[in-house]
Each structure stands twice: as C-alpha cells, then as structure tokens.
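Read-outs: derived from the displayed coordinates by stated rules, not from any lab. Note that the structure is predicted; figures quoted are calculated from it, not measured. Heads up, the Cβs are rebuilt from the backbone with ideal geometry, glycines too, and the neighbour counts pull from every protein chain shown.
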Amino acid sequence: MDSSILSDREKAAVLWAEHVTKNTARSRDDVFEVVKKSFSDNEIVELTLMCGTFNLWNRFMDSLGIQVEDQTEVDKIKKSVYLSPDKVKAFLETMLENWPAEFPVPDSSAPRE
C-alpha cells in the first residue's frame, strides 16, 4: 500500500481484494469506507464478484489437488525468470513512446457485451 506506482484507486482495489480474500473484517472494520471513497456501490459489487470467483476457483482447484497450469507450463516459468535488463529497458522505452497522452473516459451508456 506504500507503492508510488499504484494510484489511490488501484490501492483501494488491492485493499478490497485482500479484504474479500482474507476476511479482514474481523481485524479491520474501516475497509469498506476506505474503498467507498474510490468506487461506487456497483463497482464494489463487481470487484467483490471478481475476487470471490477467483477465490472460489483457487480453493476448488487446491482442495482437489488439480493443477491450474500444465506442469510443462510451470516448468517454462521456472526456467524463464532471468530478464535481460537491455530487453526490459527497450520494452519500457517502446511502451513510453506509444503511451497516449490522454485516455478516453469510459462511455457508461454504451451497451455491454
């Protein structure tokens, strides 16, 4: 929560995900009020549904001992943890060069698929 990279809204989303996952209501009763400053009631419901869905899926898979990823995919990740600083720098420079100056505001009246 001390990240200088995340916005206050993103920090609130992370706080809510942690709250839903760990049931922090027992130890902290102000989380809803903190999150409410950044999200509407509808958005909080959507965040809760997303967190709950992933929590359910993870617990289901863990309880039954089912691997989420094929072992060969896990092995690829284990082997590819080295990042070339030059490649990372080039990637980030490309991202910055193509980053838009402004992002459009979402159109809440547009039909959702």
Expected max-MSF residue from 32, 54, 91 in the GNM of the chain (alpha carbon, under 10 Å) is 91
Most mobile of 38, 84, 63 in a GNM of the chain (Cα contacts under 10 Å)
84
Give the residue from 85, 35, 104 lying farthest towards the positive end of the charge dipole for the stretch 25-113; charges sit on Cβ (+1 for Lys and Arg, -1 for Asp and Glu) and the dipole is referred to the Cα centre.
85
Chain lengthening between residue 24 and residue 72 when straightened (0.36 nm per residue, less Cα-Cα)
13.7 nm
So what is the calculated 222 nm ellipticity per residue for the chain, using -39500 (n - 2.57) for each DSSP H run with n of 4 or more, over all residues, to the nearest 500 deg cm²/dmol?
-19500 deg cm²/dmol
Convert 25 °C to kelvin, take the viscosity as 0.890 mPa s, use the Kirkwood radius over C-alpha pairs of the stretch 8-98 as Rh, and evaluate the Stokes-Einstein diffusion coefficient in µm²/s, rounded to a whole number.
149
Among 50, 61, 95: highest mean-square fluctuation, GNM of the chain, C-alpha pairs under 10 Å
95
Enumerate the lysines that residue 36 could reach by cross-link, defined here as Cα to Cα under 20 Å, with residues fewer than 8 away along the same chain left out.
11, 22
